[in-house]
Amino acid sequence: MCGILAVFGCIDSSQAKRSRIIELSRRLRHRGPDWSGLHCYHDCYLAHQRLAIVDPTSGDQPLYNEDKSVVVTVNGEIYNHKQLRQKLNSHQFRTGSDCEVIAHLYEEYGENFVDMLDGMFSFVLLDTRDKSFIAARDAIGITPLYMGWGLDGSVWFASEMKALSEDCERFISFPPGHIYSSKEGSPRRWYNPPWYSEAIPSTPYDPLVLRGAFEKACCLSATLAALLPEAHDRNNLYNSRYRNGENGPCHWFLAVMKRLMTDVPFGVLLSGGLDSSLVAAVAARHLAASEAACQWGSQLHTFCIGLKGSPDLKAAREVADYLQTRHHEFHFTVQEGIDALEEVIYHIETYDVTTIRASTPMFLMSRKIKSLGVKMVISGEGSDEIFGGYLYFHKAPNKKEFHEETCRKIKALHLYDCLRANKSTSAWGVEARVPFLDKEFINVAMSIDPEWKMIRPDLGRIEKWVLRNAFDDERSPYLPKHILYRQKEQFSDGVGYSWIDGLKDHTNKLVTDAMLMNASFVYPDNTPTTKEAYYYRTIFEKFFPKDAARRTVPGGPSVACSTAKAVEWDAAWLKNLDPSGRAALGVHAAAYEETVDAATANVNGGHL
């Protein structure tokens, strides 16, 4: 991940202003420690802090078109940049950077090119010919972007809130799947998939199509010919279906592999849960035939963190042994996590309890990963939202409400798991890629009749059964059976149950009953309802005291990571509002006691 900052329409264009932009951009240097760049044009500034992943030697930013009339600063990866370059064969490219195509696409197609990009990205582009500019964010909001307005009429964009919060009177989280044009003056949605309307789909479930779509999301398309399933000859139907081009060339299986596009050392975050284990299994299976293997070898590196004896450590070690990866196991203590809380909240820029609990171990793990020289990791975020994997989905009353909840969860990912995965890793200059959030894979998965996703114990279907079943290959197993069918464990639970319990104990000592009783007067918006939430809010307010900052954080009741709407599925949940998976009473194998006091509950989840 890189860090971007752009400012347009400043009244002050003096050297002092340039120095201020440099100072603010420097606040993003953790995201891009490899190089800094700044382009000034009259009252417009585009700054960049680079994390060099693709073309480390010549891809410094900002980037330009041929005559430098178009300037762009980008955070992200464009996985289909080679195919796009072929469409732009009349253009001359200056670098091997995957992001340079954006400047040339704009020159060729104007503002209507964003949907051509396959990747995760936030970018700001200046056309110096008329001083117009555009900003855009990827479909789901994998990469962060904020937009702000100064008292002098200036318009600001930044990867993180800390780069603009002091200089903007108002700022917002830029909506995912949108583009802002200075010619129009407001964001408009460029991402319009069929599922966005929340209409109930009716496509029959086909496990081979789903499997193919995910492997496509994981794998680099440039190596497709070498990676086609017939090379493994393990399933004749699967082979013939994709060899003959049904549903496009091997959907799933290109989704993981395309994310192996890298010129730097990389690995997979492996918690031992279903999602991260599948990512690791697909990457390990196809790594040898990828371009990345030519530089970094064919043995996959995997990483896991937890308290000693935690469920995740044990499961991850077993998966790593099965896949024969080079596994790196990290430990942390509850006290080490508590000591990191202030730094975590500063970096992830939220006071959401769920996100903070899961971000802390991920933040600590990312530091260890970076110390090994690794700059890119692949992770499993998004699967639970797409397939209804959280344990509260057991109580979904019908397929309509099940599907609508998955749509709500995907639309909110940029406020929760995407924010966590991106900012926790970027704090140490590590980039996280998420194949489950591949646009094409989401379209395939969200087109399935939700009746198939419903949790049906009477039919032997647990949460995410459609995904588990798609990879339940008897002839060439991806994973051990008990891992493939392991119960959902939210990341903040899986690192060790005493992590959340320790946080509660710590905050109960620091926040008094009187403080919590008067919380609605101190924090009238998104009033914290637990001592843990109150404690996180005080830290957040210290770093980001403006009202605009508070409003970038979502609120509302939640059980086991549900939306507020889904809390209505079970009346008992109103007495146990706790986002931890263990709040799914009667579902989680280690559920809380039903007598938990709601005033001391409120916990979290998140997952790798």
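The values are calculated or read from the model by the stated rules, or taken from the named source; none is laboratory data. For clarity, every value in this text was computed on a predicted model and none was experimentally measured. Cβ: placed from backbone, ideal geometry, glycine included. Neighbour counts: every protein chain shown. Keep in mind that these areas ignore ligands, DNA and RNA; they rest on the heavy atoms of the full protein, side chains included. Shrake-Rupley method; radii C 1.70, N 1.55, O 1.52, S 1.80 Å.
Could you list, in sequence order, all residues of the range 20-36 that are of a type outside the set (Lys, Arg), open to solvent by less than 10 Å² (accessible area, probe 1.4 Å) and farther than 17 Å from ASP55 by Cβ?
Of the residues in the range 20-36, the ones of a type outside the set (Lys, Arg) are 21-25, 28, 30, 32-36.
Pick out the ones that are also open to solvent by less than 10 Å² (accessible area, probe 1.4 Å) and you get 21, 24-25, 28, 32.
Scanning the range 20-36 gives ILE21, LEU24, SER25, LEU28.
Quick check: is even one residue across the range 552-565 open to solvent by less than 60 Å² (accessible area, probe 1.4 Å), modelled with pLDDT of 95 or more and touching a helix residue (DSSP H, G or I) at 6+ places or on another chain (Cβ under 9 Å)?
yes
Identify all residues within the range 285-294 that are open to solvent by 10 Å² or more (accessible area, probe 1.4 Å) and in contact with a strand residue (DSSP E or B) (Cβ under 8 Å, 6 or more places away or on another chain); write none if there are none.
Let us first name the residues in the range 285-294 that are open to solvent by 10 Å² or more (accessible area, probe 1.4 Å), namely 285, 288-289, 291, 293-294.
Selection gives nothing.
Have a look at GLY309, GLY297, GLY273 and point out the one that is surrounded by fewer than 24 Cβ atoms within 10 Å (Cβ to Cβ) and touching a residue at least 40 places away in the same chain (Cβ under 8 Å).
Values: GLY297 fails: touching a residue at least 40 places away in the same chain (Cβ under 8 Å); GLY273 fails: surrounded by fewer than 24 Cβ atoms within 10 Å (Cβ to Cβ).
Being surrounded by fewer than 24 Cβ atoms within 10 Å (Cβ to Cβ) and touching a residue at least 40 places away in the same chain (Cβ under 8 Å) holds for just one of GLY309, GLY297, GLY273, which is GLY309.
Give me the residue from the range 529-543 that is assigned to a helix (DSSP H, G or I) and more than 24 Å from the chain's Cα centre (by Cα) and, out of that set, farthest from PRO557 (Cα to Cα).
Start the filter on the range 529-543 by keeping residues that are assigned to a helix (DSSP H, G or I), which leaves 531-543.
With the extra rule that they be more than 24 Å from the chain's Cα centre (by Cα), the set shrinks to 531-532, 534-535, 538, 541-542.
On the way: LYS531: 15, GLU532: 15, TYR534: 15, TYR535: 18, THR538: 20, GLU541: 21, LYS542: 24 Å.
Ranking the qualifying residues of the range 529-543, first place goes to LYS542.
Would you point out the residue of the range 39-85, among those that are among the hydrophobic types (A, V, I, L, M, F, W, C) and farther than 16 Å from PHE133 by Cα, that is surrounded by the most Cβ atoms within 10 Å (Cβ to Cβ)? Steps first, please.
Here is the first cut: in the range 39-85, the ones among the hydrophobic types (A, V, I, L, M, F, W, C) are 40, 44, 46-47, 51-54, 63, 70-72, 74, 78, 84.
Next, only the ones that are farther than 16 Å from PHE133 by Cα stay: 51-54, 78, 84.
Details: LEU51: 23, ALA52: 20, ILE53: 23, VAL54: 19, ILE78: 26, LEU84: 20.
Once the filter is applied, the top-ranked residue is ILE78.
Quick one: count up the residues across the range 403-426 that are more than 12 Å from the chain's Cα centre (by Cα) and surrounded by 21 or more Cβ atoms within 10 Å (Cβ to Cβ).
The number of residues fulfilling the criteria is 4.
Of all residues in the range 35-53, count the ones that are in contact with a Gly (Cβ under 8 Å, 6 or more places away or on another chain) and within 22 Å of HIS81 (Cα to Cα). Quick ask: steps written out before the conclusion?
Initially, the range 35-53 is screened for residues in contact with a Gly (Cβ under 8 Å, 6 or more places away or on another chain), giving 43-44, 47-52.
Subset that is within 22 Å of HIS81 (Cα to Cα): 48-52.
Qualifying residue count for the region: 5.
Going through GLU440, GLU474, GLU451, GLU463 one at a time, which residue ends up being in contact with a strand residue (DSSP E or B) (Cβ under 9 Å, 6 or more places away or on another chain) and either open to solvent by 60 Å² or more (accessible area, probe 1.4 Å) or outside any helix (DSSP H, G or I) (or both)? Break it down into steps so the answer makes sense when it comes.
Values: GLU474 fails: in contact with a strand residue (DSSP E or B) (Cβ under 9 Å, 6 or more places away or on another chain); GLU451 fails: in contact with a strand residue (DSSP E or B) (Cβ under 9 Å, 6 or more places away or on another chain); GLU463 fails: in contact with a strand residue (DSSP E or B) (Cβ under 9 Å, 6 or more places away or on another chain).
None of the other options fit; the residue is GLU440.
May I ask you to list pairs of residues, at least six apart or on different chains, whose Cβ atoms are under 6 Å apart, with the first in the range 400-417 being over 11 Å from ILE386 (Cβ atoms) and the second being small (Gly, Ala, Ser) and at pLDDT 95 or above?
Listed by first residue and then by second, the contacts come to PHE402/GLY388; PHE402/ALA396; HIS414/GLY141.
Would you mention how many residues in the range 97-120 are without any contact (Cβ under 8 Å) to a residue 24 or more places away in the chain and under 13 Å from LEU63 (Cα atoms)?
Total satisfying the criteria: 2.
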